[in-house]
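Where a number appears in this text, it was derived from the coordinates with a stated rule and is not lab data. Predicted model, so just to flag it, every value in this text is computed and none were measured. A quick note on method: Cβ atoms are made from the backbone with ideal geometry, for glycine too, and the neighbour counts reach across all protein chains shown.
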Amino acid sequence: MRLILSQRAQKLSSSAIREILKVTERPEIISFAGGLPSPETFPVERIRASTETILNTAPMPALQYGPTEGYMPLREWIAARHSTGSLQIDPADVLVTTGSQQALDLLGKVLIDPGSRVLVETPTYLGALQAFSLSEPAFASVPSDENGVQPEMLTPDLLNGARFMYCLPNFQNPTGRRLPLARRERLAQIATEAGLLVVEDDPYGALSYTGEALPSLHSLMPGNVVYLGSFSKVLTPGLRVGYLIAPQALHRKLVQAKQAADLHTPSFTQRIVHESVKDGFLDGHIPKIRQLYSQRCEVMLAAMREHFPKGVTWNRPEGGMFIWVTLPTSVDSSQLLEKAIAEHVAFVPGAPFFANEPQKNTMRLSFVTVPPERIQHGVAVLGALLKRELS
Ligand code: PMP
């Protein structure tokens, strides 16, 4: 066979995280690497009951092809959920996607030409960099600090010709940062003035540990934002149901791109999600997820305070699944990872999350899938390793 790959395929590489996850499937490894939600939070009985109801009451449409835009009752539920006093969302603006990852892929396809400028945070979600990269953009990194992206850094030079800016205002992957209200407002003001399209990716927004939420960028400038949501972190990722909310002109193009990609998100899983959430189930369920994650976050923070040497710094997340660690510049976290895996602990090195100029002395720790004793043990192992590196 003569296999001639497209230039695009030749440039593809596997995500560093997926590669690490293969190693971490070994049971002896304490893994802080995955971005997976905790399976303890999966509402198995609820999903079982929903599935049975659907098969008993509407088996034919659930097992049939459906519209590309998605199952209308689910679109209506999503529109209602994201409507606020001042912002009323039309279900026609909602597109159900096969995970929000597909929304990123579709946006890349309809918005990016080779060389197009795409603005991203520093660092940003690796899966978005991967999805957009297929369309060969020129990424421009917007500087960020411990509070997230810095709107003041959006100079006219940087904004010039940008197709869109990709933002993660809530408990960002990989840093766990949440963008403060004043920055959201300033970003909305700058984007509106510049006519800049903002892609707001918000899979973690509901996972604030205190339950208190900040206004979405979408609510601050609805005409300028494509909002991406997902059921992966509040229900289960295996059903692969996410969604986007987009202004009509863009929505139409995204529907066309989705038609070509997969015709539609499975009718069956969309109905399972809808049946599971339609009666307010999430309002009781999400607080349990928040509680579990915030407890595990506390355990990890306490262990880090106890075991990590001076010179290592990290943030205190207010929600979500990640802590971002900055090591002294002499330490390359991918080399550290090899040594950590030899001692049965894994994490994700920070470098792949940077579109430009990787900071190799950073790492992402996820605490949600690891029981408390193993968090303590894993952090102690990492701390001892770091002390040896720095001595
Ligand atoms: N965006 C972000 C920021 C994520 O962290 C993830 C999952 N790790 C996704 C999108 C994709 O999620 P899904 O496709 O499961 O909705």
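A crude spin-label estimate for the pair Thr84 and Tyr65, with each label 7 Å from Cα along the Cβ direction, gives 4.0 nm.
Please list 33-42, 189-198 highest first by mean number of surrounding beta-carbon atoms within 10 Å per residue. Could the numbers behind the result be given before it?
On the way: 33-42: 18.2, 189-198: 16.6.
Final packing ranking: 33-42, 189-198.
Packing, taken as the mean count of other beta carbons within 10 Å per residue, orders the peptides 218-231, 301-314 from highest to lowest as 218-231, 301-314. Between the amide H of Val226 and those of Val198, Val199, Glu200, distances stay under 5 Å, these residues lying 5 or more places away or on another chain, with hydrogens modeled in the peptide plane.
Sorted on the mean count of surrounding Cβ atoms within 10 Å across their residues, most packed first, peptides 287-294, 84-91 read 287-294, 84-91.
Taking Thr326, Thr155, Thr124 as the candidate residues, the one with maximal mean-square fluctuation in a Gaussian network model of the chain, Cα springs under 10 Å, is Thr155.
Show which lysines lie in cross-link reach of Lys253 when reach means a straight Cα distance below 19 angstrom and same-chain residues fewer than eight apart are skipped. Once the sequence-local lysines are set aside, what remains near Lys253 is Lys109.
Per-residue ellipticity at 222 nm for the chain, helices alone: DSSP H runs ≥ 4 residues times -39500 (n - 2.57), over residue total, nearest 500 deg cm²/dmol? Working shown, then result.
Details: 15 runs with 169 residues, N = 391.
Here the helix-only value at 222 nm equals -13000 deg cm²/dmol.
Over the Cα atoms of the stretch 47-278, each weighted equally, I'd like the Debye log10 I(q)/I(0) at q = 0.15, 0.16 Å⁻¹, rounded to two decimals. Computed log10 I(q)/I(0) values: -1.00, -1.13.
Using C-alpha pairs below 8 Å separated by at least 6 residues, the relative contact order for the chain is 23 percent. Distance between the 7 Å Cα→Cβ label points at Gln7 and Thr192: 4.1 nm.
Taken one residue at a time, the phi angles of the stretch 270-285 give Karplus couplings (6.51, -1.76, 1.60, θ = phi - 60°) of 4, 5, 4, 4, 4, 4, 6, 9, 5, 9, x, 3, 4, 5, x, 7 Hz. Gly and Pro are set to x.
Provide the FRET efficiency to the nearest 0.05 for the Glu343-Leu292 pair, computing r from the beta carbons and using R0 = 30 Å.
On the way: r = 27 Å, r/R0 = 0.89.
Given R0 = 30 Å and the Cβ-Cβ separation, E is 0.65.
Residues whose amide H falls under 5 Å from that of Phe171, counting only those 5 or more places apart or on a different chain, are Arg178, Leu179, with hydrogens built in the peptide plane. Short-range pairs are left out: with C-alpha atoms under 8 Å and at least six residues apart, the relative contact order of the stretch 47-278 is 28 percent. In sequence order, the stretch 368-382 has phi-based couplings of 6, 9, 10, x, x, 5, 6, 4, 4, 5, x, 5, 4, 4, 4 Hz under the Karplus curve 6.51 cos²θ - 1.76 cosθ + 1.60, θ = phi - 60°, and Gly or Pro positions carry x. What the Kirkwood sum gives for the chain is a hydrodynamic radius of 21.9 Å, with every pair of different alpha carbons counted. Relative contact order of the stretch 1-102: 15 percent, from C-alpha pairs under 8 Å at least 6 residues apart in sequence.
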